[in-house]
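Novice: Let me give you the structure first, and then I'll get to my questions.
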Amino acid sequence: MTNTTTISGFVDSSDKKIPIGTEVWIDNICVVNVEHVDRIVHFSHTLDDDDGNHELRIVMKHKIPEHTELDDTGNIVRDVILTISDITFDEIDLGQLFFNKTVYTHDFNGSQSSVEDKFFGSMGCNGTVSLKFTTPLYLWLLENM
């Protein structure tokens, strides 16, 4: 019998009227592909808990400049963001560990060169939040918590 690990979490939009999309990938498997996050998106995927390198990727897509409202001096007045929350591995909430280990890669919606940023829970630009981890999961958790 093979042991398994279940990865789950939530993606939500700050403005459900604006058609921002999301994808969730675990390794090369697309777990979720939503063209318009008009309600909270729950994802869950089970993978074998054998020796291996893995990656959870959460993508924000379809944001355009018109989705961000600026005032006369260029300050953001209103914007749409995606919030990533409650990331769990086998029902263990990763909490701060998720934020410490993720990388947010984006290009400011095409207006600048691509950058790798820290991730604090919200995606404001089209891009990818990536978490690399290994299995067996309990070893990775022990090494990183």
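The values are calculated or read from the model by the stated rules, or taken from the named source; none is laboratory data. Note that the structure is predicted; figures quoted are calculated from it, not measured. Glycine also receives a Cβ, built like all others from the backbone with ideal geometry; neighbour counts cover every protein chain displayed.
Novice: Residues of segment 58-114 being of a type in the set (Phe, Trp, Tyr) and more than 12 Å from the chain's Cα centre (by Cα), which ones?
Specialist: Of the residues in segment 58-114, the ones of a type in the set (Phe, Trp, Tyr) are 89, 98-99, 104, 108.
Those that are of a type in the set (Phe, Trp, Tyr) and more than 12 Å from the chain's Cα centre (by Cα): Phe89, Phe108.
Novice: Right, here's the next one. For residues that are in contact (Cβ under 8 Å) with a residue 40 or more places away in the chain, touching a helix residue (DSSP H, G or I) at 6+ places or on another chain (Cβ under 7 Å) and surrounded by 17 or more Cβ atoms within 10 Å (Cβ to Cβ), tally how many sit in segment 98-145.
Specialist: Within segment 98-145, residues that are in contact (Cβ under 8 Å) with a residue 40 or more places away in the chain, touching a helix residue (DSSP H, G or I) at 6+ places or on another chain (Cβ under 7 Å) and surrounded by 17 or more Cβ atoms within 10 Å (Cβ to Cβ) number 4.
Novice: Looking at segment 1-21 only, could you name the residues that are more than 28 Å from Pro136 (Cα to Cα), touching a Ser or Thr at 6+ places or on another chain (Cβ under 9 Å) and assigned to a strand (DSSP E or B)?
Specialist: Residues satisfying the conditions are Asp12, Ser13.
Novice: Name the single residue, out of those in segment 4-21 being under 13 Å from the mean Cα position of the chain (by Cα) and surrounded by 15 or more Cβ atoms within 10 Å (Cβ to Cβ), that is nearest to Gly124 (Cα to Cα).
Specialist: Going through segment 4-21, the residues under 13 Å from the mean Cα position of the chain (by Cα) turn out to be 7-13, 21.
Applying the additional criterion that residues be surrounded by 15 or more Cβ atoms within 10 Å (Cβ to Cβ) yields 7-9, 11-13, 21.
Numbers: Ile7: 24, Ser8: 21, Gly9: 18, Val11: 13, Asp12: 12, Ser13: 10, Gly21: 12 Å.
Taking the candidates together, the pick is Ser13.
Yes/no per residue for (1) assigned to a loop (DSSP other than H, G, I, E, B); (2) of a type in the set (Asp, Glu); (3) at pLDDT 95 or above:
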{"site": "Thr46", "(1), (2), (3)": "no, no, yes"}
{"site": "Leu56", "(1), (2), (3)": "no, no, yes"}
{"site": "Val59", "(1), (2), (3)": "no, no, yes"}
{"site": "Val77", "(1), (2), (3)": "no, no, no"}
{"site": "Phe98", "(1), (2), (3)": "no, no, yes"}
{"site": "Gln112", "(1), (2), (3)": "yes, no, no"}
{"site": "Phe119", "(1), (2), (3)": "yes, no, yes"}
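Novice: For segment 39-62: of the residues being surrounded by 14 or more Cβ atoms within 10 Å (Cβ to Cβ) and of a type in the set (D, E, K, R), which is farthest from Thr128 (Cα to Cα)? Even if it seems obvious, please write down each step before you answer.
Specialist: To start, the set of residues in segment 39-62 that are surrounded by 14 or more Cβ atoms within 10 Å (Cβ to Cβ) comprises 41, 43, 45, 47, 49, 54, 56-62.
With of a type in the set (D, E, K, R) added as a condition, the list becomes 49, 57, 61.
Values: Asp49: 24, Arg57: 6, Lys61: 9 Å.
So the residue we want is Asp49.
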